[in-house]
1. So how many residues does the range 235-254 have that are out of contact with any Gly (no Cβ under 8 Å at 6 or more places or on another chain) and either at pLDDT below 90 or in a helix (DSSP H, G or I) (or both)?
2. Enumerate the pairs (first residue in the range 434-450 and open to solvent by less than 50 Å² (accessible area, probe 1.4 Å); second residue anywhere and part of a helix (DSSP H, G or I) and of a type in the set (S, T, N, Q)) with beta-carbon separation below 8 Å, excluding pairs fewer than 6 apart on the same chain, so at least 6 apart or on different chains.
3. Quick check on my filter: what residues within the range 551-588 are part of a loop (DSSP other than H, G, I, E, B) and open to solvent by 30 Å² or more (accessible area, probe 1.4 Å)?
4. Does Leu622 satisfy being assigned to a helix (DSSP H, G or I) and within 30 Å of Phe513 (Cβ to Cβ)?
5. Among the residues of the range 78-97, is any under 23 Å from Val498 (Cβ atoms) and open to solvent by less than 10 Å² (accessible area, probe 1.4 Å)?
6. For the range 446-476, which residues satisfy the criterion of being of a type in the set (Val, Ile, Thr) and either in contact with a Phe, Trp or Tyr (Cβ under 8 Å, 6 or more places away or on another chain) or modelled with pLDDT under 90 (or both)?
7. Does the range 228-235 contain at least one residue that is over 25 Å from Leu285 (Cβ atoms) and open to solvent by less than 10 Å² (accessible area, probe 1.4 Å)?
8. Out of Leu244, Leu215, Leu295, Leu252, report the one residue that is of a type in the set (A, V, I, L, M), in contact with a helix residue (DSSP H, G or I) (Cβ under 8 Å, 6 or more places away or on another chain) and free of Cβ contacts under 8 Å to residues at least 60 places away in the same chain.
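The values are calculated or read from the model by the stated rules, or taken from the named source; none is laboratory data. Note that the coordinates shown come from a computational prediction; the quantities given were computed from them, not determined experimentally. Because the Cβ atoms are built from the backbone with ideal geometry, glycine has one as well, and the counts that use them run over all protein chains shown. Ligands, DNA and RNA are excluded from the accessible area calculation, which covers all protein heavy atoms including side chains. Shrake-Rupley method; radii C 1.70, N 1.55, O 1.52, S 1.80 Å.
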Amino acid sequence: MTTEEPSEKAQVRLGDFATQYDIEFRDLRFSVPSKKSGKPHTLILRGVSGYCRSARLTAIMGASGAGKTTLLNALAGKAPGKGSVTGQVLLNGRPFIERDFRYWGVYVMQAEPLLATATVKETIMTSALLRLPLSIPRKEKVQRVNDIIAQLGLQHCQGTMVGDEGTGGGVRGISGGERKRVTVGVGLVTQPHVLLLDEPTSGLDSETAVSIVELMRDLARQGRTVVTTIHQPNSTITNCFDDLLLLSFGQLIYMGKWTKSVEYFSSLGYKCPMYTNPSDYYMSLMKDAEASPRLVDTWKKAGGDWVTTPRLTAPEPQTPFTSGSKVVAADEPGTANGHSTLENGRGQEASEAGAADIEMGAVTRVHERVNGEAARTSAQESLNETPGTSGPEGRGGVEGGKGRKVRMRSLQPPAWYQVWVLAIRNVQFYLRNPELMLAKLFTYIFMGGFMGLMYLRLPLDTATAGYNRSAALWISMFAFTLMPSETACSVWNQERAVITKEVKSGQYRLSSFFLAKTVVSVPFETVIAIIFTVIIYHMIGFQAKLDKYLIFMVTLILVNLISEMVGFIGGIVTKEVTIGLILISVVTYFCFAFSGFIVQPIPKYFVWLHKISYYSLAYTILVKNEFTGLNIQSPLDPLR
């Protein structure tokens, strides 16, 4: 296969950004409640302050449990779960709306879930179709995907399925390093300005790890802000670092240029031994019970003198960054560690040019160039407002038009387009897993033949004629109740991680996913119901009338679809597939018990279960459909 090089147009799109984003974080603290009542909360981050520069690769290092991933989550504005985050996170000196992170940033988690049966190109292409607006022509989206694949060096495997061997599945696919590149490519379709990666080299061999870090460095050179956590890198990897941030038990002991780190620690009496990787030496210092507290205290007092990568914008009062219900008042003007002096000409020039050119209001033209559609900001909507007027943000808003928070207009395609894209992906999934459809088809063929033989040509002149027909109808529904719901729960469990990640990242709505599933499954379920009906209807000897035949078939189709929905709901509300199946079994048990066939009459205190059960409603329809106009010549009681 010939190697595809990025097109000249792509070099412009994938090249330097006109506006670059610097991230600053001030006094970030993260705490989780103690499991034992009465004990204080456990602090994971303890007042961490610093910043990450654009066009530079910033590495976050620390021992296990130091708070590396927690810090990365805070920078991405991710919900802390049961914990609480306080402090500020600023973008070019301005607070940002947490839910808008997906418009200008990408967060690649350590174990990023991907659909195993999709190819590399399909995975990235689906992300482009779901994340980019319809205003961008499909041809341009395809070209962008091809350029990303070429940039990431994935041309040789673009037609290979991603697979899930590394996650315990059985679908063979690409290697671990290629998988990491694909996860980066999925995010690059929106041309993000900020790229956050959580231990992207974990579980990879040294050569593959080096290639991943070199890729991150190249992405940073294009003007992006690239921040990654990493654990004990080798010397080749550390040579790719621009800046280094060291965390020890949730506290900062160094932040600055990688090349200045050895000098800094040597000035404190911790000289890195010759022929020793500095990163290994730093890890040993952070684990040292005596050295680590001293380094933390020293950095608090003099760390600002060693910060050699100043932020882009001049410091000014900001509103607090909030997460959850806790809010911390804004600090006094100044940078992290109390230093407010700009340290290079770039920052001075930006300050003199005016904050309007570098604050988030400038995102409009960049977003229009990158994503093909202009952003709408609350600042633009209120340029004529008098300074000091409180904005529509409420407590979190910045006063005045100049500092107002930016709200991006949603660039998501409409719901119908999301359903279309997801439906195509679902069709590809079933086509590449034909055993799922074939197993279900042959199961219903077998069950239909078995039921047909069990109730073969039911007579109308026996004592049990009515009972046998009622039982045949009930068992027919049973076949389309339990199996679809349990299958749906199991399938959802396989896709849970992928769907959850994609929905949370804003690729599509959960309702679009379910609608796409339904659109794809209806034709197949209809075919199954038709085959099942053809087998048993005439073998059993139900009334040979077209309208009754169609009512019987349509009722089974609806029961099948509703049962699938029950299975999906059972999978969603539970975290374990075993618990989900148990919950489905309990629900199905009550549906069966009070359907009107097993117990007659139904006790008054259980009538409400009979009325809300879709199974009892469907069974009533089938019974009325079959027995209306049917002439049974014998009494139902065999003893009479």
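1. The total comes to 4.
2. Here the result reads Lys440/Thr487, each pair linking the range 434-450 to a residue that is part of a helix (DSSP H, G or I) and of a type in the set (S, T, N, Q).
3. Lys575, Glu576
4. Answer is no for this residue.
5. Checked against the condition, which is being under 23 Å from Val498 (Cβ atoms) and open to solvent by less than 10 Å² (accessible area, probe 1.4 Å), the range 78-97 yields no hits at all.
6. Thr462, Thr464, listed by residue number.
7. No; the residues of the range 228-235 include none that is over 25 Å from Leu285 (Cβ atoms) and open to solvent by less than 10 Å² (accessible area, probe 1.4 Å).
8. Going through Leu244, Leu215, Leu295, Leu252 in turn, the sole match is Leu295.
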